[in-house]
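Below is one structure; the comments refer to it alone.
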Amino acid sequence: MPRLENLFSPVRINRLELKNRAVMPAMGTGYAGSGGKATERLLAYLSRRARGGVGLIVTEICAVDTRGKGSPAQLGAWSDELIESLASITQAIHAEDGKAALQLYHAGRETLEAFTGAMPESPSGIPSPTLMQPCEEMSALRIAEVIDGYAKAAARAVEAGFDAVEVHGAHGYLVNQFLSPFSNQRNDDYGGSDENRARFALAIASAIRHTVGPDFPIIFRVSADELIRGGYDLSFMEWLAPRLVEAGADCIHASVGVFTTPGNLTIASMDTEPGFNLVRARAIRQASGVPVIGVGRINDPALADEAIARGDADLISFGRQHLADPDFLLKARRGEEEEIRWCLACNQGCIERLMYEFKTVTCTINPECGKEYKGPPVPAEKPMRVWVTGGGPAGLSAALTAAERGHKIELFERDGELGGQLRSASRPPNKKPLYDWVEWAKRRLDRATVVIRLNSEVTGDLLRSENPDHVILATGALPAVPPIPGIEGGNVFDARQVLLGGVGLKNSAVVLGAGYVGMETADYLTSRGVKVTILEMSPTPPVGKQRAHDYWLNRRFKESGGQLLLDSTVVGIEPDAVVYRQGDKERRLEPAPTVVTAMGASPEIELKSALDAAAIPYTVVGDADNPRRLLEAVYEGYAAGLEI
Ligand SMILES: Cc1cc2nc3c(=O)[nH]c(=O)nc-3n(C[C@H](O)[C@H](O)[C@H](O)COP(=O)(O)OP(=O)(O)OC[C@H]3O[C@@H](n4cnc5c(N)ncnc54)[C@H](O)[C@@H]3O)c2cc1C
Ligand SMILES: Cc1cc2nc3c(=O)[nH]c(=O)nc-3n(C[C@H](O)[C@H](O)[C@H](O)COP(=O)(O)O)c2cc1C
């Protein structure tokens, strides 16, 4: 049987014939222009994804009304003047033999007046629990206007050459706000009973159907279950799905969750099982009788193929995997799984960057994501003899980029293994994908014929005698060791040592520092049955509960019976106790058979002075410059590899 036969078989949605069953779901990027228009950057990004062979691309949220804009840099379909911009999207995708659906959206209360120029509107004027700003209850007249806005936007999509439209009825935006008893507390025809709360969604589906004619494909995206207290559940969606079909929908895209769903299951982190939401797709498929798109932490085409074969779904969405590696479907089809750069489900470069840092989307491990418009790396004009010092992610990324441009690379790593801090970072529960990236990079380095020297420390003497043309200083960071009396004691270990398995574990441990390294080391220890107390000097926990991974870290820690003591500054460590100050009181914590330090990191840049003295050109990248995260390490390594 041919590989992945189910995934790569054609499928029909109304008149639309798709070459395979893989979908790239809508993902807001922040690349659109401020007037709602597509930019060269957005077109290049979409065109690159279409070239990867996906059957259908649903383009990112596109507002049907200026009051529905969720952010300044978002696509729009609220006026005829935007048709040309929309047509540039279909042209870019069609030119790569792809098909395009436009996602029609209104943010409702999930936006700010600064983005829309008017007070946000919603079914009941109840503020969004995340944004907490006032919003206005929509009148019956305004509801009719917005329904008409969806229909007009769909007509513009048809004119612009889109192959389908998708109504965004999920994730806590306006349509979902009407469906949910949590946000819809109206007592007119649009609120109260299931029928009334469904009226807005059904009216949108039938208004679009009326406008686009009987054979134009309409996809309706829903959150199959809101998974919040006071929200609707799967049984409501099983009831609604056939009614959506009756009103005009040809296909249901079965997503899950809203903004306040604990652990952000809409864009699930590495803590959630791949394919966890397929069970809901299956239920909606049975209830609706139309093709259903399954979604939710599905990276692996083999998993998608099995889900289709089992009858869970007819098509499968691969979201973040398309950011990490736009060619993953082609590679899977050729049986080259080892070549695939797998999404880590870390959310650092994509949704968290967009939502919490207000920056455009990229991918932690794919620094080219969002830079496609700049074109591929160009071969080096003058190939040089480049030394990369340090085999952590910054060094690996620099070596790969520079080698693929034709430079002659030697990579030196002091340890016996590549990966740097990712070796320990990948040990806590669910974090293995970080090391999978190291393995992927190793395979690519092998092919790029980079010379790798393990157990080889670069020293000032070596640099002076060998005098390479350029050095990439990717020496990373070492654990910070604050001057606490007793910190050199036999019961004290660094978190990285513990994670690498070099420490015999006892029944209990005290972790010093509740940042990510501390919390994840605690997670590692509690998963092995160790009772953990964490001491943190800050009065608030450094790792919150809002981001998906953070939520699960905190939840597992609480479930393990662990204790987090805030406002607690360690003043001394004894052979079986930790002494700390809380307010003006000094306290003792005992027993403390194992004390684990996780109190930050300091850059390792001793080689800088030797390089300056020898006048060897160099570039500092990653934690060696300033201890941060994987994203910065990979990106700065890539940028250095491009520049030399
Ligand atoms: C427990 C833990 C969990 C983490 N989890 C995450 C996470 O989930 N997400 C995230 O974004 N970040 C995480 N981080 C941080 C992330 O791992 C670092 O930001 C990243 O590894 C920095 O990469 P780098 O290449 O700059 O440095 P490093 O990873 O520190 O690599 C530097 C390498 O250089 C080598 N070296 C140093 N000097 C020399 C020399 N003179 N000659 C040869 N070799 C030398 C070192 O041995 C080391 O292998 C975590 C860190 C830890 C410790
Ligand atoms: C950066 C980013 C932006 C997103 N924007 C949208 C969006 O515009 N519309 C939408 O319906 N879903 C959006 N989503 C959710 C995705 O469509 C998808 O459902 C989610 O990422 C889960 O799929 P995955 O696990 O394959 O990534 C977004 C996800 C990400 C990562």
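Can you find a residue in the stretch 312-333 that is free of Cβ contacts under 8 Å to residues at least 60 places away in the same chain, over 26 Å from Ser180 (Cα atoms) and more than 19 Å from the chain's Cα centre (by Cα)?
Yes, the stretch 312-333 contains at least one residue that is free of Cβ contacts under 8 Å to residues at least 60 places away in the same chain, over 26 Å from Ser180 (Cα atoms) and more than 19 Å from the chain's Cα centre (by Cα).
If Thr597 satisfies every condition in (1) surrounded by fewer than 20 Cβ atoms within 10 Å (Cβ to Cβ); (2) within 15 Å of ligand 1 (Cβ to nearest atom); (3) of a type in the set (S, T, N, Q) but one, which is the exception?
Every condition holds for Thr597 apart from (1).
Tally the residues that are open to solvent by 30 Å² or more (accessible area, probe 1.4 Å) and over 24 Å from Val620 (Cβ atoms), restricting the search to the stretch 490-507.
Residues flagged as open to solvent by 30 Å² or more (accessible area, probe 1.4 Å) and over 24 Å from Val620 (Cβ atoms) within the stretch 490-507 amount to 10.
Do you know which residues across the stretch 306-336 are within 15 Å of ligand 2 (Cβ to nearest atom) and acidic (Asp, Glu)?
If the condition is that a residue be within 15 Å of ligand 2 (Cβ to nearest atom) and acidic (Asp, Glu), then Asp312, Asp325 are the ones that fit.
Where the second residue is surrounded by fewer than 23 Cβ atoms within 10 Å (Cβ to Cβ) and the first is aromatic (Phe, Trp, Tyr) and lies in the stretch 403-422, which pairs have Cβ atoms under 7 Å and are six or more apart or on separate chains?
What qualifies is Phe412/Arg453; Phe412/Ser456.
I need every pair where a residue in the stretch 214-235 that is of a type in the set (Lys, Arg) has its Cβ under 6 Å from the Cβ of a residue that is in a loop (DSSP other than H, G, I, E, B) and crowded, with 24+ Cβ neighbours inside 10 Å, sequence separation at least 6 or different chains.
As it stands, the answer is Arg221/Ala170, since those pairs meet every condition given.
Among the residues of the stretch 4-15, which ones are closer than 24 Å to Val158 by Cβ and either open to solvent by 10 Å² or more (accessible area, probe 1.4 Å) or in a loop (DSSP other than H, G, I, E, B) (or both)?
If the condition is that a residue be closer than 24 Å to Val158 by Cβ and either open to solvent by 10 Å² or more (accessible area, probe 1.4 Å) or in a loop (DSSP other than H, G, I, E, B) (or both), then Pro10, Val11, Arg12, Asn14, Arg15 are the ones that fit.
With respect to the numbered conditions (1) under 19 Å from Asp65 (Cβ atoms); (2) part of a helix (DSSP H, G or I); (3) of a type in the set (A, V, I, L, M, F, W, C), which one is the sole condition not fulfilled by Val165?
Just one mismatch for Val165, condition (2).
Give the residues of the stretch 618-635 that are open to solvent by less than 40 Å² (accessible area, probe 1.4 Å), in a helix (DSSP H, G or I) and more than 16 Å from ligand 2 (Cβ to nearest atom), sorted by residue number.
The answer is Gly622, Asp623, Ala624, Leu630, Glu632, Ala633, Val634.
For the structure I just gave you, tell me whether Gly476 is closer than 15 Å to Gly390 by Cβ and within 11 Å of ligand 1 (Cβ to nearest atom).
Yes; evaluated as a whole, the condition is true for this residue.
Anything in the stretch 607-617 that is in contact (Cβ under 8 Å) with a residue 40 or more places away in the chain and either open to solvent by 60 Å² or more (accessible area, probe 1.4 Å) or closer than 24 Å to Asp494 by Cβ (or both)? List them, or say none.
Result: Leu607, Lys608, Ser609, Ala613, Pro617.
If Glu96 passes every condition in (1) open to solvent by less than 10 Å² (accessible area, probe 1.4 Å); (2) out of contact with any strand residue (DSSP E or B) (no Cβ under 8 Å at 6 or more places or on another chain); (3) acidic (Asp, Glu) but one, which one does it miss?
(1)
Evaluate the following for Ile147: is it closer than 22 Å to Met237 by Cβ, in a helix (DSSP H, G or I) and open to solvent by 10 Å² or more (accessible area, probe 1.4 Å)?
Taking the combined requirement at face value, the residue satisfies it.
Could you look through the stretch 469-527, keep only residues that are among the small types (Gly, Ala, Ser), within 28 Å of Lys545 (Cβ to Cβ) and part of a loop (DSSP other than H, G, I, E, B), and pick out the one that is farthest from the chain's Cα centre (by Cα)?
Among those residues, the one meeting the criterion is Ala480.
Restricting to the stretch 431-487, name every residue that is open to solvent by 70 Å² or more (accessible area, probe 1.4 Å) and either within 16 Å of ligand 2 (Cβ to nearest atom) or in contact with a Phe, Trp or Tyr (Cβ under 6 Å, 6 or more places away or on another chain) (or both).
Scanning the stretch 431-487 gives a single hit, Arg453.
Take the residues of the stretch 508-533 that are of a type outside the set (Gly, Ala, Ser) and touching a Phe, Trp or Tyr at 6+ places or on another chain (Cβ under 8 Å): which is surrounded by the fewest Cβ atoms within 10 Å (Cβ to Cβ)?
Thr526
Among the residues of the stretch 346-356, count how many are open to solvent by 50 Å² or more (accessible area, probe 1.4 Å) and either touching an Asp or Glu at 6+ places or on another chain (Cβ under 8 Å) or within 15 Å of ligand 1 (Cβ to nearest atom) (or both).
1
Of the numbered conditions (1) part of a helix (DSSP H, G or I); (2) at pLDDT 95 or above, Ala114 satisfies every one except a single condition; which is it?
It fails just one condition, (2).
If I go through the stretch 586-644 residue by residue, how many of them are small (Gly, Ala, Ser) and either in contact with a Pro (Cβ under 6 Å, 6 or more places away or on another chain) or under 28 Å from Ala514 (Cβ atoms) (or both)?
The number of residues fulfilling the criteria is 8.
The values are calculated or read from the model by the stated rules, or taken from the named source; none is laboratory data. Note that the structure is a prediction, hence the values are computed from the model and not measured. Reconstructed Cβ throughout: ideal geometry from the backbone, glycine too, with neighbour counts over all protein chains shown. Remember, those area values only see protein heavy atoms, side chains included, never the ligands or the DNA or RNA. Shrake-Rupley method; radii C 1.70, N 1.55, O 1.52, S 1.80 Å.
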